[in-house]
Amino acid sequence: MDLTLSDEHRQLRELAHRFTEERIVPHALRWDREEAIDKALVPMLGATGFLGLGIDEKYGGSGGDNLAYCLVLEEIARGDSAVRGIISVSLGLVAKSIAKHGTEEQKQRWLPGLTAGTQIGCFALTEPGTGSDAGSLATKATKTDNGYLLNGRKVFITNGTWADVALTFARTGGPGPKGISAFLVPTDTKGFTATEIKGKLGMRGQATAEITFEDVEVPDDALLSDEGFKLAMQALDKGRMSVAAGCVGAARGALEASLKYAKEREQFGKPIAGFQLVQELLADMAVETDAARLLTWRVADLADRNEKFSTEASMAKLYASEAAVRVANNAIQVFGGYGYIDEYPVGKYLRDTRVTTLYEGTSQIQKLLIGRALTGINAFQ
């Protein structure tokens, strides 16, 4: 096993690092306080190729493998996890689903804009009454002579108020996962309403929305798959890899900030970095960050070799998200009282990472998935 990065991977990581330092870090605090990222950033992400990673160049993509994707997300999340979320959803969940399952017409219609950042996608799965139990979703798509009529509500939808297309999961058949289909719904369609959710604990700059479908009519060619639940679960497997990569970036950011502060802050006549218990905090943070990264890279490696990676993705997402929370919490301890105010970045790292233990499958759901893989017994039934 060779963990050495190729020249191409190193150059891409350096590009992502520079972009983060120049375009994200100087604005992250303001975006967090104002609860709004500057939308002009999105075409910049597209211009660098970050929104086209893994997408064929003939559709405007920039190619690259899953490891390249993880390297970029780590760097971006080090600057602001909310920006990482834009990429993970618009590219990772929406564009890549279209690339894998879409017709040629659907690919030509949506992928060039999504990869360029001139259009944005959202992944409309979660509902007010169905979070972890996505197979019981209630949004309904009724067949008509002209296509389908969608009615229902979605909640906690990243990019929801910014999106040009909503990858929407709705019930076309009977109860359970098999009755769910996936649709590409233009957000300017009559009856589609997105309302931004404010007052979030973290990821405050990210546009998170509640979406309402009131007799939203779409044509037959809006259907992406009649196996919508299967599509969603496949997308979320790679989504968990991207969340894990983002958690590594946030943990690394918290560690780097803590190291810098510990060397500068003096108490009892010397830098606090010289105290053993502070070094213990820093050592724990470093080990957890590296362990999370290696688990994430394993998923990328399996995916790049076209091997099964669902269980490994759950392991990486579970460990990296929980580790990032612990690392950020330790960072606040290193900073002391200063860590509790937003003049310093570590409080934001804690607030931003906390949600990663909830979305794209809670930590408890990941444990059930891992347990099912180990025992062969399905705890969901």
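Since every read-out is calculated from the coordinates, none of them should be taken as a lab result. Everything numeric in this text was worked out from a predicted model, so none of it was measured. Cβ placement follows ideal geometry from the backbone for every residue including glycine, while neighbour counts extend to all protein chains displayed.
Miscellaneous remarks
- Taking the average, over residues, of other Cβ atoms within 10 Å as the packing measure, peptides 311-323, 171-183 rank 311-323, 171-183 from highest down.
- Sorting 226, 301 by the number of Cβ atoms found within 10 Å of their own Cβ, with the fewest placed first, yields 226, 301.
- Mean-position separation - Cα centroids, segment 263-290 and segment 306-355, in angstrom: 18 Å
- Per-residue [θ]222 nm for the chain (sum of -39500 (n - 2.57) over DSSP H runs n ≥ 4, rounded to 500): -15500 deg cm²/dmol
- Sequence-distant lysines (8 or more away, or on other chains) whose Cα lies within less than 30 Å of residue 100: 39, 58, 140, 143, 154, 178, 190, 230, 238, 308, 317, 367
- Beta bridges per DSSP with both ends in the chain, % antiparallel, nearest 5: 85 percent
- Nearest-ten-degree value, helix 7-19 long axis tilted from longest Cα axis of the chain: 80 degrees
- For the listed peptides 290-296, 374-380, a ranking on the average number of other beta carbons within 10 Å per residue, highest first, reads 290-296, 374-380.
- Student exercise, the chain dipole from Lys, Arg, Asp, Glu Cβ charges, in Debye to nearest 20: 680 debye
- From phi via Karplus (6.51, -1.76, 1.60), per-residue ³J(HN,Hα) for segment 84-98 in Hz, x at Gly/Pro: 4, x, 4, 5, 4, 7, 5, 8, x, 8, 8, 4, 5, 5, 5
- For segment 302-310, backbone phi angles converted through the Karplus equation (6.51, -1.76, 1.60; θ = phi - 60°) give residue-by-residue couplings of 4, 5, 5, 9, 6, 9, 5, 9, 4 Hz, Gly and Pro being listed as x.
- For the chain, the C-alpha radius of gyration sits at 0.99 times the compact-globule guess of 2.2 N^0.38 Å, with N the residue count.
- Under 5 Å between amide hydrogens, built in the peptide plane, is the criterion, and for residue 54 it picks out 62, 63, 64 among residues at least 5 positions away or on other chains.
- Segment 245-381: C-alpha gyration tensor shape, a/c 1.5 cut-off, then a/b vs b/c: prolate
- As a rough guide to protection, the peptides 84-95, 191-202, 55-66 ranked by mean Cβ packing within 10 Å, highest first, stand as 84-95, 55-66, 191-202.
- Whether segment 7-119 is rounded, prolate or oblate, judged on the alpha carbon gyration tensor where a/c under 1.5 counts as rounded: oblate
- Where a label projected 7 Å from the Cα of residue 342 along Cα→Cβ would reach, residues of segment 31-47 with amide N under 20 Å: 31-41
- Working note: Karplus 6.51/-1.76/1.60 with θ = phi - 60° gives segment 190-206 the couplings 4, x, 8, 10, 10, 10, 5, 9, 9, x, 6, 5, x, 6, 5, x, 7 Hz, where Gly and Pro are set to x.
- With respect to the chain, whose longest principal axis is taken over its alpha-carbon atoms, helix 363-375 is tilted by about 80°.
- The slack between residue 200 and residue 290, meaning 0.36 nm per residue of separation minus the straight C-alpha distance, is 29.5 nm.
- The amide H of residue 124, built 1.01 Å from its N in the peptide plane, has 167, 168, 169 as neighbours under 5 Å, considering only residues 5 or more places off or on other chains.
- Annotation: amide H of residue 119 within the under-5 Å range of 114, sequence separation 5 or more or interchain, hydrogens built in the peptide plane.
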